[in-house]
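Have a look at the structure below before the remarks.
The values are calculated or read from the model by the stated rules, or taken from the named source; none is laboratory data. Computed from a predicted structure; not experimentally measured. Here Cβ is always computed from backbone atoms with ideal geometry, including for glycine, and neighbour counts include all displayed protein chains. Ligands, DNA and RNA are stripped out before the accessible areas are found, and what is left, the full protein with its side chains, is counted by its heavy atoms. Shrake-Rupley method; radii C 1.70, N 1.55, O 1.52, S 1.80 Å.
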Amino acid sequence: MTGAFITFEGIDGSGKSTQVRMLASVLRLRGMDVVQTREPGGTPLGARLREALLDAQEQVDPLAELLLYAADRAQHVRVMLRPALDAGRVVLSDRYADATVAYQGAGRGFEPSLVAEVVALATGGLKPDLTLLFDLSVAQSGERSRQRTTAADGGAHGHDRLELEAEHFHARVRDAYLQIAAAEPERVRIVDASLSVEEIHAHVLEIVVPFLENRGQWSQVKTQ
Ligand code: TMP
């Protein structure tokens, strides 16, 4: 495998999707071959699973939820991630397996050993080379999420099924992410997501540029 696999994680409202886009465009401007993807929904099958998984009207059993995220990931790994990495591309994924550990493990309460087994099955052992964890307090994320929803929406509209979970659910998810970062400090780097978009972007570059340089992948840069 010659590419680089970078994942973006964090609680809902942490601003990571904006940062994936900003990093992808900087790397592309530098002439790098970048694949920008996400979970759930990085493949055509995944897009259909995403719609079902996030539908606020859908009643999803927790085990079905765990397995549907795993199904999305199995398809994503085999159809998109592995081929892209084998071709030497830089893959930026908005969420990956840590999200299952945090949301279905800590959030829903599935046994860590079961979650680990399901993750291993779906990923076939594919791990990110680098993970950026966008850390934000649950109160701040709730505030951002409220700002996104206009009064005219009448409250619940605009929020997906997971976003509508209670505050203590999101607190468990955040703690689980921080525990993953503490356990794997080499792979998982924490980014303060309470800063401005531009400040966060600068911090992301401070982490990603040396990471790619060390792998000899920043040298693909085209002079502008
Ligand atoms: P997004 O809002 O970051 O696109 O993610 C969609 C939602 O799916 C988000 O609330 C987190 C949730 N999720 C899980 O619960 N488990 C997973 O394995 C993944 C990838 C996402």
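Can you check how the C-alpha radius of gyration of region 36-103 compares to 2.2 N^0.38 Å, as a plain ratio? Don't skip to the answer; put the middle values down first.
Details: Rg = 12.3 Å, N = 68, 2.2 N^0.38 = 10.9 Å.
In units of the 2.2 N^0.38 Å rule of thumb, it is 1.13.
Carbon and sulfur: what percent of the chain's accessible surface (1.4 Å probe)? Mind dumping the intermediate values first?
On the way: 5780 of 10910 Å².
Using a 1.4 Å probe with all protein chains present, the chain comes out at 53 percent carbon and sulfur.
Helix 112-123 sits at what angle to the longest principal axis of the chain, using alpha carbons and giving 0 to 90 degrees rounded to 10?
50
Based on the mean of other Cβ atoms within 10 Å per residue, sort peptides 96-104, 70-78 so the most packed one is first. The partial results should precede the final answer.
Working: 96-104: 25.2, 70-78: 21.0.
The densest-packed peptide leads the list: 96-104, 70-78.
For the chain, how big is Rg over Rh, using alpha carbon atoms and the Kirkwood form of Rh? Numbers along the way, then the final one.
Working: Rg = 17.2 Å, Rh = 18.0 Å.
Rg/Rh for the chain comes to 0.95.
Using alpha-carbon pairs under 8 Å, 6+ residues apart, how would you state the relative contact order of the chain in percent?
32
Alpha carbons only, please: Rg and Dmax for region 103-198, in angstrom.
15.6, 46
Enter the accessible area per residue of region 59-173 (Å², integer; probe 1.4 Å; all protein chains in place).
Here the residues of region 59-173 average 46 Å² of exposed surface.
Provide, as a two-decimal number, the C-alpha radius of gyration of region 36-153 over 2.2 N^0.38 Å, N being how many residues it has. Could you put the intermediate results ahead of the total?
Values: Rg = 15.4 Å, N = 118, 2.2 N^0.38 = 13.5 Å.
The value comes to 1.14.
Against the longest alpha carbon principal axis of the chain, how many degrees, from 0 to 90 and to the nearest 10, is the axis of helix 44-54 turned?
40
Relative to the first principal axis of the alpha-carbon coordinates of the chain, what is the inclination of helix 197-214, with its axis defined by its Cα atoms, in degrees from 0 to 90 and to the nearest 10?
The two axes meet at around 50 degrees.
Semi-axes of the equivalent ellipsoid for region 1-41, please: Cα gyration tensor eigenvalues, times 5, square-rooted, ordered largest first, whole Å.
Numbers: eigenvalues 79, 36, 13 Å².
For region 1-41, the ellipsoid semi-axes come out as 20, 13, 8 Å.
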